[in-house]
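Novice: Structure below; questions to follow.
The values are calculated or read from the model by the stated rules, or taken from the named source; none is laboratory data. These numbers were taken from a predicted model, which means no experiment stands behind them. With ideal geometry, Cβ positions are generated from the backbone for all residues, glycine too; neighbour counts draw on all protein chains shown. Protein only, heavy atoms only, side chains kept; ligands, DNA and RNA dropped before computing areas. Shrake-Rupley method; radii C 1.70, N 1.55, O 1.52, S 1.80 Å.
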Amino acid sequence: MLKLTTVFASHALFQADAPLVVSGMSVPGANVCATLRAPDGSIAAAGCDTAGEDGFFRAEITTPEASFDAYTLTVSDGTDTIELADILFGELWLASGQSNMQMPNIFMNDKEALLELIHSMKIRVYNSLPNVYTDSNSPPWDPDYFCNGEWLESDNRDRLYHVSAMALKFCAELYPLLNEKRDVPIGFLNLSHGGVPLRTYLPKDAIDADPAMVALLRRIDRYPERKKWNPSDSPNFQQCCSQYNMRIAPVTGCKVRGIIWYQGENECGSEYVNRIYADCLRFYYKVYCERFAAHPNDFLMISSLIYPWTYGESGECSMGYLNQAFIDTALEAPDKFAVMPIGDLKPTWVAHEDVNPWHPVNHPIHPAPKYEQAVRMARLAAVRVYGEEGQTAPGRLISCEQSGNHLQLRFCDVGSGLRVDGCHPRCLYVAGSDGNYLPAACRITAPDTMEVWCDEIAEPVHAAYAVQSGEPMANLFAGEYPLLPFFTDTEHRLEIEARPWYDSACNAVWVFQTVEITWQDVFFRPVWKALPGSEICHDVAFTRSSEASLRVMSEDGSADLGVSVSAYKYNRLDLRKYAGLSVDLYNAGGVTTSLALETEDDEVLLVFSDEESLGNGWVRRRVFFEDLPEGEIRRIRFEFDKPEGEVKYVNLERVRLLTK
């Protein structure tokens, strides 16, 4: 009845120069021996163990150095013998998390290039294949060491389509570096499941041995109990310990170089705050280091931050707080944790029903640029784990000081220096003492220093960057990596609404819309919409301070001109906090400018009554919110009433709210 845990199979790859515990089941009391033989038949390592009362054995050996040599592993209990062929030793990583780590190569546009690239590389993947669980066949309450899995070689294209895109690209990036001077195969354990919290990867025996973790899980009503294991109102696979029992337990005995992790969406905006998630993350690391680290004193967990999505109500920064948990752990223990931002990447995704059966409507909680993020994480591993020269961490904020109407921000780990990828920063905000955040401008004054301000906030107190849900493509960088998100107000709950209409050159806003009650349809819509009789375009020839102004025109010159901005979730027009609004206009002489504020049932028309000349044909006009309609403002309209036939266009830029 000799049986090995699932990870021990032919064509496996195990961590070189490390302990390897060959585990499985035999007759209680049986003497089980594991023998590793080199290609020439010589014994490279051997170890024995006596099977316990439960039949489980653990025979430990020490693995050889990395090479392309194919070894044979023989396990015998005196009655039965199992022989595993073509065993390699090299660098092995554990790749885990939820759907963004699970998201397979089949969904990547450039998957064929990657699979062709690795075809002849010595890359191997252990792919977890647990049963399909239902209410009547739930994930196991106890660890299942024999849950289904398979080892894949790099030429098995059909199967590699369905393993983690991020992890496979991560290994492909590291492969040339590791093989510059000697032969080093590389691989990963593909152990992810969509829609699961971090706690599902925790083992119950470790939880029970830690009173603090037991207390934490009981406090949030997530401690695993047998009587609650398969409730009808909760997916069992999301319960505490479930993923450990069916995915992690089968790789018992393996040692790995480190962990790459992409998870957190399930906790974001739920019962977790950054402190609780960070506590769980520290516990996860401690347990996995004890059980899986090839070298416990040199064991790195590299986490991707989570991508902007609909976390909580409009304006809430739940995503920012969850990401801060990763950052906090990395700051506390930089020898154990590393993080990589992702919010700068474009929100591309696979949306076609025939290609993406997971989500038949647009659902970019799964951004498709997994290969781009994997390249960054591999670069970080190259420096932090394998000793390459380079930047050791993404840049992060270390101080914020007020200087007049500016904030002086200072950063560390900036590499070659701070930079803005574009003409103006995105996702950067400042607030006064009232806590109302407005988009900020910035000026880089030194490689590690940046001034930030908003002209409408006389005394800025706090700054925040890339923390708001529903706002992708942040564009601040430090050296070769994106800048880490930050917020300086740690005493109050953040609320930040994106205001894409602050930038007249911005032509699209990311819009979330509920479809069929539960599904989210997410796509870009125009920021600016021409009113009937008008046309709009971006004008790079006539502009004062923006990349482009917005030209509002009428083809035949007969109609009045107008343009509107609509409110969306995460882009509310919350004007009641402000005193008024200003806008810079070109070619507006003799034109009356009005602002219409629309709610679902009402409309108020306000006339711009204050004007300041800016020179060269530009004026700044202001309107004050003395009378606002009842209800939520759904749309604002800029209307330009012109003398008949005299004005065919007006250029608009730099719309700004005026603080009270």
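Novice: Going by the structure shown, is Arg419 more than 27 Å from Ile306 (Cα to Cα) and either surrounded by fewer than 24 Cβ atoms within 10 Å (Cβ to Cβ) or not aliphatic (A, V, I, L, M) (or both)?
Specialist: No; evaluated as a whole, the condition is false for this residue.
Novice: Something else about it: Just to verify a result, which residue in the range 332-346, among those that are more than 16 Å from the chain's Cα centre (by Cα) and assigned to a loop (DSSP other than H, G, I, E, B), is surrounded by the most Cβ atoms within 10 Å (Cβ to Cβ)?
Specialist: Out of the qualifying residues, it is Lys336.
Novice: State which residue pairs qualify: first residue of a type in the set (S, T, N, Q) and inside the range 380-398, second residue open to solvent by 20 Å² or more (accessible area, probe 1.4 Å) and part of a loop (DSSP other than H, G, I, E, B) in any location, beta carbons under 8 Å apart, and separation of 6 or more residues or different chains.
Specialist: Taking only residues 6 or more apart or on different chains, the pairs are Gln391/Asp413; Gln391/Gly415; Gln391/Glu480; Thr392/Asp413.
Novice: Consider Asp448 carefully, then state whether it is open to solvent by 30 Å² or more (accessible area, probe 1.4 Å), on the phi > 0 side of the Ramachandran plot and among the acidic types (Asp, Glu).
Specialist: Answer is no for this residue.
Novice: Of these, Arg493, Arg443, Arg525, which one is in a loop (DSSP other than H, G, I, E, B) and among the basic types (Lys, Arg)?
Specialist: Arg493
Novice: Can you confirm whether Leu191 is in contact with an Asp or Glu (Cβ under 7 Å, 6 or more places away or on another chain) and under 25 Å from Met213 (Cβ atoms)?
Specialist: No, not satisfied.
Novice: Go through the range 595-608 and give me each residue that's in a strand (DSSP E or B) and either in contact with a Phe, Trp or Tyr (Cβ under 7 Å, 6 or more places away or on another chain) or open to solvent by 40 Å² or more (accessible area, probe 1.4 Å) (or both).
Specialist: Across the range 595-608, the qualifying residues are Leu595, Glu603, Leu605, Val607.
Novice: Being open to solvent by 10 Å² or more (accessible area, probe 1.4 Å), in a loop (DSSP other than H, G, I, E, B) and either free of Cβ contacts under 8 Å to residues at least 60 places away in the same chain or not polar (S, T, N, Q) (or both) is the filter here; which residues of the range 312-328 pass it?
Specialist: Gly312, Glu313
Novice: Just to be sure before I move on: is Lys169 open to solvent by 30 Å² or more (accessible area, probe 1.4 Å), within 28 Å of the chain's Cα centre (by Cα) and within 30 Å of Pro203 (Cα to Cα) in the structure I sent?
Specialist: Spelling it out, Lys169 is indeed open to solvent by 30 Å² or more (accessible area, probe 1.4 Å), within 28 Å of the chain's Cα centre (by Cα) and within 30 Å of Pro203 (Cα to Cα).
Novice: Testing Arg257 on (1) farther than 14 Å from Leu94 by Cα; (2) of a type in the set (Lys, Arg); (3) within 23 Å of the chain's Cα centre (by Cα), one condition comes back false. Which one is that?
Specialist: Status for Arg257: all satisfied but (1).
Novice: Considering only the range 3-13, state which residues are under 19 Å from Cys147 (Cβ atoms) and either among the aliphatic types (A, V, I, L, M) or in contact with a Gly (Cβ under 9 Å, 6 or more places away or on another chain) (or both).
Specialist: Residues satisfying the conditions are Lys3, Leu4, Thr5, Thr6, Val7, Phe8, Ala9, Ala12.
Novice: Does Ala498 fit the bill of being part of a loop (DSSP other than H, G, I, E, B), among the aliphatic types (A, V, I, L, M), open to solvent by less than 10 Å² (accessible area, probe 1.4 Å) and touching a residue at least 40 places away in the same chain (Cβ under 8 Å)?
Specialist: yes
Novice: Then there is this: Could you tell me how many of the residues in the range 289-311 are buried (at least 23 other Cβ atoms within 10 Å of the Cβ) and assigned to a helix (DSSP H, G or I)?
Specialist: Qualifying residue count for the region: 1.
To keep it simple, each residue is scored yes or no on (1) out of contact with any His (no Cβ under 9 Å at 6 or more places or on another chain); (2) under 19 Å from Ile186 (Cβ atoms); (3) at pLDDT below 95; (4) assigned to a loop (DSSP other than H, G, I, E, B).
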| residue | (1), (2), (3), (4) |
| --- | --- |
| Ala330 | yes, no, no, no |
| Ala351 | no, no, yes, yes |
| Trp358 | no, no, yes, yes |
| Ala374 | yes, yes, no, no |
| Ala381 | yes, yes, no, no |
| Pro394 | yes, no, no, yes |
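Novice: While we're here: Residues to consider are Cys427, Cys442, Cys400, Cys412; find the one that is open to solvent by less than 60 Å² (accessible area, probe 1.4 Å) and at positive phi.
Specialist: The match here is Cys427.
Novice: If you don't mind, there's one more thing I want to ask. Please work out if Asp142 is closer than 17 Å to Lys111 by Cα and at pLDDT below 95.
Specialist: no
Novice: Asp560 - would you say it is open to solvent by 20 Å² or more (accessible area, probe 1.4 Å), of a type in the set (Asp, Glu), farther than 26 Å from Ala458 by Cβ and free of Cβ contacts under 8 Å to residues at least 60 places away in the same chain?
Specialist: Taking the combined requirement at face value, the residue does not satisfy it.
Novice: I want to confirm something. Restricting to the range 102-123 and keeping residues that are acidic (Asp, Glu) and without any contact (Cβ under 8 Å) to a residue 12 or more places away in the chain, which single residue is most open to solvent (accessible area, probe 1.4 Å)?
Specialist: Filtering the range 102-123 for residues that are acidic (Asp, Glu) and without any contact (Cβ under 8 Å) to a residue 12 or more places away in the chain, the one most open to solvent (accessible area, probe 1.4 Å) comes out as Glu116.
Novice: Would you please name the residue that is most open to solvent (accessible area, probe 1.4 Å), looking only at residues in the range 200-233 that are modelled with pLDDT of 95 or more and not in a helix (DSSP H, G or I)?
Specialist: Only one residue fits best here, namely Ala209.
Novice: Further question on the same structure: Which of the following residues is open to solvent by 40 Å² or more (accessible area, probe 1.4 Å), of a type outside the set (A, V, I, L, M, F, W, C), over 14 Å from Ser549 (Cβ atoms) and assigned to a loop (DSSP other than H, G, I, E, B): Glu611, Glu644?
Specialist: It is Glu644.
Novice: Do any residues in the range 349-377 that are hydroxyl-bearing (Ser, Thr, Tyr) have Cβ atoms under 7 Å from those of residues that are assigned to a loop (DSSP other than H, G, I, E, B) and modelled with pLDDT of 55 or more, where the two are at least six apart or on different chains, and which pairs are they?
Specialist: As it stands, the answer is Tyr371/Met108; Tyr371/Asp110, since those pairs meet every condition given.
Novice: A further question on this structure: Mind checking which residues of the range 17-29 are out of contact with any strand residue (DSSP E or B) (no Cβ under 7 Å at 6 or more places or on another chain) and open to solvent by less than 40 Å² (accessible area, probe 1.4 Å)?
Specialist: Answer for the range 17-29, where residues must be out of contact with any strand residue (DSSP E or B) (no Cβ under 7 Å at 6 or more places or on another chain) and open to solvent by less than 40 Å² (accessible area, probe 1.4 Å): just Ala18.
Novice: Right, another one. Being among the charged types (D, E, K, R), free of Cβ contacts under 8 Å to residues at least 60 places away in the same chain and under 30 Å from Thr543 (Cβ atoms) narrows it down to one of Glu491, Glu456, Glu451, Glu471, so name that one.
Specialist: None of the other options fit; the residue is Glu451.
Novice: Now for a separate question. Show the residue pairs meeting these rules: Cβ distance below 6 Å; 6+ apart or different chains; first residue within the range 259-274 and part of a loop (DSSP other than H, G, I, E, B) and open to solvent by less than 40 Å² (accessible area, probe 1.4 Å); second residue of a type in the set (Gly, Ala, Ser) and at pLDDT 90 or above.
Specialist: Gln263/Gly97; Cys268/Ser318
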